[in-house]
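The values are calculated or read from the model by the stated rules, or taken from the named source; none is laboratory data. What you see is a predicted model; the values in this text were computed from it and never measured. Here the Cβ positions follow ideal geometry from the backbone for every residue, glycine too, while neighbour counts run over all protein chains shown. Remember, those area values only see protein heavy atoms, side chains included, never the ligands or the DNA or RNA. Shrake-Rupley method; radii C 1.70, N 1.55, O 1.52, S 1.80 Å.
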Amino acid sequence: MHSTPPNSIEPPDDKAVIELISPDRLNPYLTACAGASTAALALYRWNSDLAAAFFEPLGHLEIMLRNALDARLVARQQRRGRTTEWYTDRQVPLTGKARGDIAQAQERAERGGAATPPRGKVIAELNFGFWRFLLARQYRDSLWPDLAGAFPHAPNRALTAVENPVKRLHKFRNRIAHHEGIWHLPLEARRDDIQTVLGFIAPAAATWVADASRIDDVLARRP
């Protein structure tokens, strides 16, 4: 059996790769690269690298944000003398959509067989969108006075100071989760949004996430 010398391996067939990714998905990249397929595929690959680099700090942000907000809601219950979990207490002024999200989270948490799943598992099953909408203006007069304490390092107690960057990051994260392009977006601004929100929660958290971030390295490798 004869092996193929490394220098005789043929380059990838751009047409085959484009067909498998799909021309419709690659069309924005081809347009940006004046129809050059090799350049478009390089841009597509760089977009994937960007998505991976951003997903790491976004994951840290999601976990830290939900834990900070959960802690404030627990404190709210304690201060009001309520003994039930905030997510099951009907006196907590949550919207019908939020209640539906909680019901689904509880259902997922129960799949392990526990009749009453640990609260930590229920909290972990609540997605980024749930926490993002806890910071919506509909809660400004009801929950925000308590939730504001999750951001002790924010420049003020204005809801919009936190809501706006979290809203942008939620939309950005969803694009990544659905494998959509982000290469044409203001990426430095989204990087800064991550650091801003983490800094509002705890500067040490912002530093810890930034120290391991690969975002700037990937940005510097734009094809």
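Summary table below
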| read-out | value |
| --- | --- |
| Highest-fluctuation residue, G181, G59, G96 considered, GNM on the chain with Cα pairs under 10 Å | G96 |
| Surface share of carbon and sulfur [accessible, 1.4 angstrom probe, percent] for segment 22-120 | 51 percent |
| Virtual paramagnetic centre 7 Å along Cα→Cβ of R137, amide N under 17 Å, in segment 152-194 | 157-168 |
| Surrounding net charge for D70, when Lys and Arg each add one and Asp and Glu each subtract one, Cβ distance under 11 Å | +3 |
| Protection proxy ranking of 193-201, 37-45 - average other beta-carbon atoms within 10 Å, highest first | 193-201, 37-45 |
| Per-selection metrics, segment 99-223 (Cα): Rg and Dmax in Å | 16.9, 53 |
| Inter-site label distance for I63 and D89 at 7 Å from Cα along Cβ, in nm | 2.7 nm |
| Neighbourhood net charge (15 Å Cβ-Cβ; Lys/Arg +1, Asp/Glu -1) for T95 | +3 |
| Helix 96-109 axis, angle to the chain major axis (alpha carbon atoms, nearest 10°) | 70 degrees |
| Neighbour count of at most 16 Cβ within 10 Å plus DSSP loop: longest GluC sites (Glu not before Pro)-free window in the chain | 86-179 |
| Trypsin sites (Lys or Arg not before Pro) within segment 149-223, DSSP loop, no more than 15 other Cβ atoms inside 10 Å | R157, R214, R221 |
| Whichever lysines have a C-alpha closer than 30 Å to that of K121, once near sequence neighbours (fewer than 8 apart) are set aside | K97, K167, K171 |
| Two-decimal ratio, segment 140-184, of alpha-carbon radius of gyration to 2.2 N^0.38 Å | 1.48 |
| ³J(HN,Hα), Karplus 6.51/-1.76/1.60, whole Hz, each residue of segment 59-68, x for Gly, Pro | x, 4, 4, 4, 5, 5, 5, 5, 5, 5 |
| Candidate aspartates and glutamates - alpha carbon under 14 Å from K15, same-chain residues fewer than 8 apart omitted | D24 |
| Per residue, in Å², the accessible surface of the chain once ligands and nucleic acids are set aside, probe 1.4 Å | 56 Å² |
| With 10 Å bins from 0: P(r) over the chain, alpha-carbon pairs, percent | 7, 26, 27, 20, 12, 6, 2, 0 |
| Using alpha carbons only: equivalent-ellipsoid semi-axes of segment 86-167, gyration tensor based, whole Å | 26, 13, 11 |
